[in-house]
């Protein structure tokens, strides 16, 4: 039997952290050696997450979120499932201790210090680490991830927008300044937080926009679209809170460049994702539905050409806690370690 890779989840008490634990419980190549949470020190994992009682690691006890304790557990790879603004406290010391780090926050995604500060309203604490991090979107950065020491996992909204658009921009098929996006996310995207805005009575039977006109995720979306297009890309993006627990649906509108035949859009998407993996291109009249990706690491994508307006519509769905967070992180781990990308995710 292969030696199991020792992994830790730092900040395991949130929705993404819990989802990461769920995946790692069934991962064939990893051993979970540490769960951290400052609020849950001394608690058994099975007590905190009763659905895992009696399963692998249910007797594992939460430890304090301290670098020395994480290292002392024998950790080889640390997942950081922390709120924005905290990962920088752990990433540097863990990397210097010889660990590889997979961060699920936004702390290392943005390369431009000024852009980060503009969108997040605070200084970028570790700009040198942000420069060396690999953006955790496997379908785009698969080769770079193989040698990565620090991975900055793509955000949930960005994943749903970048995967449909990047192949088309790389092939110069779209007018970059024509891109508009409308997305909806389940309430779990706001994290496990006790705020009035996210109470059941506030969210149920209700849809509302938020983060308008400058949602934080625009920073990484435009960064990656600009790299793909080879020019600066600025888009309109309107996110909405939907009355569901999990799932993201994005509708993208764009104008093809002059002379681009509509069928070329579908052909390029098929070329980009021919190897399958976790990107599923829907055929015929099928359109993406969140219920078909819930609790999976798949992203479903469809496209349509509207001859009336001359625009292309790209539609995608994903589970914000899996492909948009924990599953994405494990998919990155699998590539880093040379395992099948589907390990622990099917």
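Please pick out the residue among 202, 220, 271 that is surrounded by fewer than 20 Cβ atoms within 10 Å (Cβ to Cβ) and modelled with pLDDT of 95 or more.
Of 202, 220, 271, the one residue that is surrounded by fewer than 20 Cβ atoms within 10 Å (Cβ to Cβ) and modelled with pLDDT of 95 or more is 271.
In segment 145-171, which residues are over 23 Å from residue 82 (Cβ atoms) and outside the structural domain of residue 266 (by TED's automatic domain parsing)?
Of everything in segment 145-171, those that are over 23 Å from residue 82 (Cβ atoms) and outside the structural domain of residue 266 (by TED's automatic domain parsing) turn out to be 146, 147.
Does residue 97 satisfy being in contact with a strand residue (DSSP E or B) (Cβ under 6 Å, 6 or more places away or on another chain), under 24 Å from residue 133 (Cβ atoms) and touching a residue at least 12 places away in the same chain (Cβ under 8 Å)?
It is false that residue 97 is in contact with a strand residue (DSSP E or B) (Cβ under 6 Å, 6 or more places away or on another chain), under 24 Å from residue 133 (Cβ atoms) and touching a residue at least 12 places away in the same chain (Cβ under 8 Å).
Tally the residues that are outside any helix (DSSP H, G or I), surrounded by fewer than 16 Cβ atoms within 10 Å (Cβ to Cβ) and at pLDDT below 95, restricting the search to segment 164-199.
6
Against the condition closer than 27 Å to residue 134 by Cα, touching a residue at least 24 places away in the same chain (Cβ under 8 Å), assigned to a loop (DSSP other than H, G, I, E, B) and within 21 Å of the chain's Cα centre (by Cα), how does residue 215 come out, does it pass?
yes
Kindly indicate the residue of segment 58-100 that is more than 25 Å from the chain's Cα centre (by Cα) and in a loop (DSSP other than H, G, I, E, B) and also farthest from residue 13 (Cα to Cα) among those meeting that condition.
97
Assess whether residue 286 counts as being at pLDDT 95 or above and farther than 16 Å from residue 155 by Cα.
yes
Filter segment 36-53 for residues that are in contact with a helix residue (DSSP H, G or I) (Cβ under 7 Å, 6 or more places away or on another chain) and either part of a loop (DSSP other than H, G, I, E, B) or not assigned by TED's automatic domain parsing to the domain that holds residue 74 (or both) and give the result.
Once the filter is applied, which keeps residues that are in contact with a helix residue (DSSP H, G or I) (Cβ under 7 Å, 6 or more places away or on another chain) and either part of a loop (DSSP other than H, G, I, E, B) or not assigned by TED's automatic domain parsing to the domain that holds residue 74 (or both), segment 36-53 yields 40, 49, 53.
Checking the conditions here, which among 77, 140, 71 is at pLDDT 95 or above and touching a strand residue (DSSP E or B) at 6+ places or on another chain (Cβ under 7 Å)?
When all the criteria are applied, what remains is 77.
What is the number of the single condition among (1) more than 28 Å from residue 337 (Cβ to Cβ); (2) at pLDDT 95 or above; (3) surrounded by 15 or more Cβ atoms within 10 Å (Cβ to Cβ) that residue 154 does not meet?
Here residue 154 clears every test but (1).
Mind checking which residues of segment 245-280 are free of Cβ contacts under 8 Å to residues at least 60 places away in the same chain and either touching a helix residue (DSSP H, G or I) at 6+ places or on another chain (Cβ under 7 Å) or not assigned by TED's automatic domain parsing to the domain that holds residue 207 (or both)?
245
Does at least one position in segment 298-310 carry a residue that is surrounded by 15 or more Cβ atoms within 10 Å (Cβ to Cβ) and either at pLDDT below 95 or in a loop (DSSP other than H, G, I, E, B) (or both)?
The answer is yes; a qualifying residue exists.
Which residues, counting only those in segment 111-146, are exposed (fewer than 13 other Cβ atoms within 10 Å of the Cβ), free of Cβ contacts under 8 Å to residues at least 24 places away in the same chain and closer than 19 Å to residue 343 by Cβ?
Once the filter is applied, which keeps residues that are exposed (fewer than 13 other Cβ atoms within 10 Å of the Cβ), free of Cβ contacts under 8 Å to residues at least 24 places away in the same chain and closer than 19 Å to residue 343 by Cβ, segment 111-146 yields only 143.
Taking the stated definitions as given, is residue 92 out of contact with any helix residue (DSSP H, G or I) (no Cβ under 8 Å at 6 or more places or on another chain), touching a residue at least 12 places away in the same chain (Cβ under 8 Å) and surrounded by fewer than 18 Cβ atoms within 10 Å (Cβ to Cβ)?
For residue 92, the condition - out of contact with any helix residue (DSSP H, G or I) (no Cβ under 8 Å at 6 or more places or on another chain), touching a residue at least 12 places away in the same chain (Cβ under 8 Å) and surrounded by fewer than 18 Cβ atoms within 10 Å (Cβ to Cβ) - is not met.
Condition first: within 26 Å of residue 302 (Cβ to Cβ) and touching a strand residue (DSSP E or B) at 6+ places or on another chain (Cβ under 7 Å). Now tell me which residues in segment 330-346 satisfy that.
Selection gives 332 alone.
Could you tell me whether any residue of segment 302-324 is in contact with a strand residue (DSSP E or B) (Cβ under 8 Å, 6 or more places away or on another chain), free of Cβ contacts under 8 Å to residues at least 12 places away in the same chain and in the same structural domain as residue 178 (by TED's automatic domain parsing)?
yes
The values are calculated or read from the model by the stated rules, or taken from the named source; none is laboratory data. None of these values were measured; they are calculated from a predicted model. Ideal geometry is used to build each Cβ from the backbone, glycine not excepted, and the neighbour counts take in all protein chains shown.
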